[in-house]
Every structure is written in C-alpha cells, then in structure tokens.
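Q: Quick one: this structure, given as structure tokens, is what I'll be asking you about.
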Amino acid sequence: TISRFTARSGRTEVEASGTVSLAPTVDAAIDARANRLDLDDLVALADAFTPEASHAPARGGAKIPGRIVAKLSAASGTAAGVTVRNMTATVKAEGEDVGLDPIAFELFGGRYNGALQVTVGDTLAVTQSVRVEQLDVAQLAAFGGSAGSITGRLSGSGRFTGRGRD
C-alpha cells in the first residue's frame, strides 16, 4: 500500500497513493494528482514501468504480464506540444499496450474528450478516438502559424489509427 508518494522534477510535482502487488505479476492501482503533465512523456513512462522479462529474447524484449492502472489529474500540461488545462486521464498499461481511456482536457478555448491506445514493440500502433467541442479556430490557426486567417468555433469527432516501425 502506498499511502503517500511525492515526486518532483523541474516544474512538475506529482502526489500519488494506491496499491501495488509484485507477485505473481506487477498489478498496480494508483491515484495521482499533478500540477502539470506531459502526455507524450506519460506514455513513455508507462511503458518504462512495465518490467522486461528476465529471460527476454534477443529481439523484442518480451514484457512480464502485468497491469498498471493510474487515475491522473493535472491543472495544466502538454499534449503533442499543445498547452492544455484541467486534464484528467485513466492510464492503463499492460504488456506492450498503453492506453489513456478516458482522457479529457481544455484546449484552444474548448474541450477534448477521447481515448488513446498505443502498442509499443517492434512496431508502433496508435488508435485515437476524439471528440472536440467548441474549439476557438482562431486560436487553433494561430498555433498552426496562420493567425488571423479564420474565426469561429469547431466541434466534431473522429477515430484515427496508424502503424509503423517508428
């Protein structure tokens, strides 16, 4: 049982509590609150905490079956280089699969709700389900380098998948 865990790195501070079982496999359930989070780093961190098998094959590094579930919240953060606010996410890591489902945050004056599933290994596979509501497209265009080109609000949804070696 983890009654209180605090970590600081640079401008990020995380407080967490939860339970971790180490045998027969890693099984963790964590609740964490942070002042800020970087989602790109979070996916890499979840993969890093999934232990390598002690007799891993020469290629591929098979993972020990295990599961980490962490409920996270942060006042601010970044996702793919975009500044976000009021982020909440449930991170699920099991073997080579890392998911953020659900994940929600505010950006560009609107709201993002969705899910992200990443499979790491010899190839990388990503599936993202997205729903955005009331994004300020003027802020979005300015972020993309086209300030003053458009105005209005954007709402929509989609599902995107990709797979590749890197």
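The values are calculated or read from the model by the stated rules, or taken from the named source; none is laboratory data. This structure is a prediction, so every number in the text was calculated from the model and none was measured. Counting neighbours? That spans all protein chains shown, and the Cβs are built from the backbone with ideal geometry, glycine included. For the accessible areas, the whole protein counts, side chains as well, though only heavy atoms, and no ligand, DNA or RNA atoms are used. Shrake-Rupley method; radii C 1.70, N 1.55, O 1.52, S 1.80 Å.
Q: Out of the residues in region 93-107 that are open to solvent by less than 30 Å² (accessible area, probe 1.4 Å) and either aromatic (Phe, Trp, Tyr) or in contact with an Asp or Glu (Cβ under 9 Å, 6 or more places away or on another chain) (or both), which is nearest to Gly81 (Cα to Cα)? Quick ask: steps written out before the conclusion?
A: To start, the set of residues in region 93-107 that are open to solvent by less than 30 Å² (accessible area, probe 1.4 Å) comprises 93, 95, 98-100, 103-105, 107.
Now restrict to residues that are either aromatic (Phe, Trp, Tyr) or in contact with an Asp or Glu (Cβ under 9 Å, 6 or more places away or on another chain) (or both): 93, 98, 105.
On the way: Ala93: 23, Val98: 20, Phe105: 14 Å.
Ranking the qualifying residues of region 93-107, first place goes to Phe105.
Q: Continuing with this model, one more query. Every residue in region 17-38 that is of a type in the set (A, V, I, L, M, F, W, C), more than 19 Å from Phe105 (Cα to Cα) and buried (at least 16 other Cβ atoms within 10 Å of the Cβ), please.
A: Val26, Ala28, Ile30
Q: May I pose another question? Name the single residue, out of those in region 1-16 being assigned to a strand (DSSP E or B) and free of Cβ contacts under 8 Å to residues at least 12 places away in the same chain, that is most open to solvent (accessible area, probe 1.4 Å).
A: Only one residue fits best here, namely Arg8.
Q: Right, next: Which of the residues that make up region 141-162 are of a type outside the set (Gly, Ala, Ser) and modelled with pLDDT under 95? Walk me through it before giving the result.
A: Just the residues of region 141-162 that are of a type outside the set (Gly, Ala, Ser), to begin with: 143, 150-151, 153-154, 159-161.
If the condition is that a residue be of a type outside the set (Gly, Ala, Ser) and modelled with pLDDT under 95, then Phe143 is the only one that fits.
Q: Tell me which residues, restricted to region 94-116, are modelled with pLDDT under 95 and not in a strand (DSSP E or B).
A: Gly95, Glu96, listed by residue number.
Q: Continuing with the same structure: Kindly list the number of the only condition in (1) modelled with pLDDT of 85 or more; (2) not in a strand (DSSP E or B) that fails for Asp47.
A: Evaluating Asp47 over (1) modelled with pLDDT of 85 or more; (2) not in a strand (DSSP E or B) leaves (1) as the failure.
Q: If you don't mind, there's one more thing I want to ask. For the subset of region 117-158 comprising residues that are closer than 18 Å to Val91 by Cα, part of a strand (DSSP E or B) and in contact (Cβ under 8 Å) with a residue 40 or more places away in the chain, which member is most open to solvent (accessible area, probe 1.4 Å)?
A: So the residue we want is Leu124.
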